[in-house]
Amino acid sequence: MQQGHYIAIEGPDGAGKSTQLKFLEAAFRQASTPYLAVREPGATDIGKEIRQILLTGHADKLDATTEVLLFSADRRHTIRTLIRPALAAGKFVLSDRTYLSTLVFQGYSGGLPVPMLEELTRVAVEDTVPELMLVLDLPVEVGLGRKNPQFALGLDESRMESKGTAYHESNRKGYLAEVKKHPTTHTVINADQSQEAVHAAILVEINARFGLSLQPGILPAG
């Protein structure tokens, strides 16, 4: 059986990763092309518990290195129990976030040494890495406005947005720096356009890379 392929959608807050994954799933379903969709963190039962720890109410209890170790534990478990079996079965794996988020958020913007995070990533993922990393890119103020309309109006900030625009600018620069380092696998997608246009750009990249003929996915009403 032919080995499957591993595709990831990445990018800063408000870039539309989750929405684009839904569009992509629809395109694969319409083409009757076998796939598995995962997210980081939280694709497995254990991962859901880790996600709960990481994303709700523990910000004042965990230091940055502890958070990274939890992300890496979730990543390793997802790869071993879901991603590798799916690839071995000839499926496409579609992932909402990957280790690239760790390099950017905890490394470029969080202050942890990027080489240390790269080594930890090698331990966690071994040789299972995306063949195509689609990095959604858009201006920081646009992304934050999407995440929190009040931010766009200058009225309020959520916990994430309260880190300030400098933090999010650093994230964007980190993503673009990683794309530059890995030009054969990492590709920038302009996310400052309609959802449909972003989806079309993603399909162009995937069809060209894997010899597919995916058509735009249609999401169910509601």
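The values are calculated or read from the model by the stated rules, or taken from the named source; none is laboratory data. Note that this is a predicted model, so its numbers are computed, not measured. Cβ atoms come from the backbone with ideal geometry, glycine included; neighbour counts cover every protein chain shown. With ligands, DNA and RNA removed, areas are computed over all heavy atoms of the protein, side chains included. Shrake-Rupley method; radii C 1.70, N 1.55, O 1.52, S 1.80 Å.
Considering only Ala166, Ala37, Ala86, the mean-square fluctuation computed in a Gaussian network model of the chain, springs between alpha carbons under 10 angstrom, is largest for Ala166.
Set the bar at 30 Å for Cα to Cα. Now go through Lys22/Lys181; Lys91/Lys180; Lys61/Lys181; Lys17/Lys181; Lys48/Lys181; Lys48/Lys91 and name every pair that lies beyond it.
Beyond 30 Å: Lys61/Lys181; Lys48/Lys181.
Shape class of segment 65-154 from the alpha-carbon gyration tensor: oblate, with a/c at 1.5 or above and b/c at least as large as a/b.
Residues whose amide H lies under 5 Å from that of Arg39, counting only those 5 or more places away or on a different chain, are Asp96; hydrogens are built 1.01 Å from N in the peptide plane. According to the Kirkwood relation over distinct C-alpha pairs, the hydrodynamic radius of the chain is 18.0 Å.
With a ≥ b ≥ c taken as the square roots of the eigenvalues of the C-alpha gyration tensor of segment 1-53, please select rounded if a/c is under 1.5 and otherwise prolate if a/b is larger than b/c or oblate if it is not?
Oblate, because a/c is 1.5 or more while a/b does not exceed b/c.
Here the chain has 55 percent of its accessible surface on carbon and sulfur atoms, given a 1.4 Å probe and all protein chains in place. Convex hull of alpha carbon positions in segment 48-88: directionally averaged projected area 2.9 nm².
Modelled this way, with points 7 Å down the Cα-to-C-beta line, the labels at Val123 and Phe210 are 3.1 nm from one another. For the chain, the relative contact order is 33 percent, taking Cα pairs closer than 8 Å that sit 6 or more residues apart in sequence and dividing their mean separation by the residue count.
Could you pull out the longest piece of the chain with no exposed loop trypsin sites (Lys or Arg not before Pro) in it, calling a site exposed if DSSP puts it outside H, G, I, E, B and it has at most 10 other Cβ atoms within 10 Å? Could you put the intermediate results ahead of the total?
On the way: sites that count: Lys61, Arg159.
Longest stretch, sites excluded: 62-158.
Each stretch of four or more DSSP H residues adds -39500 (n - 2.57); spread over every residue of the chain, this sum gives -14000 deg cm²/dmol at 222 nm. With all protein chains kept in place, the per residue accessible area of the chain amounts to 49 square angstrom at a probe of 1.4 angstrom. Distance from the C-alpha centroid of segment 68-121 to that of segment 7-21: 15 Å, rounded to the whole angstrom. Here the Gaussian network model covers the chain, with springs between Cα atoms less than 10 Å apart; of Asp13, Asp127, Asp137, Asp127 fluctuates the most.
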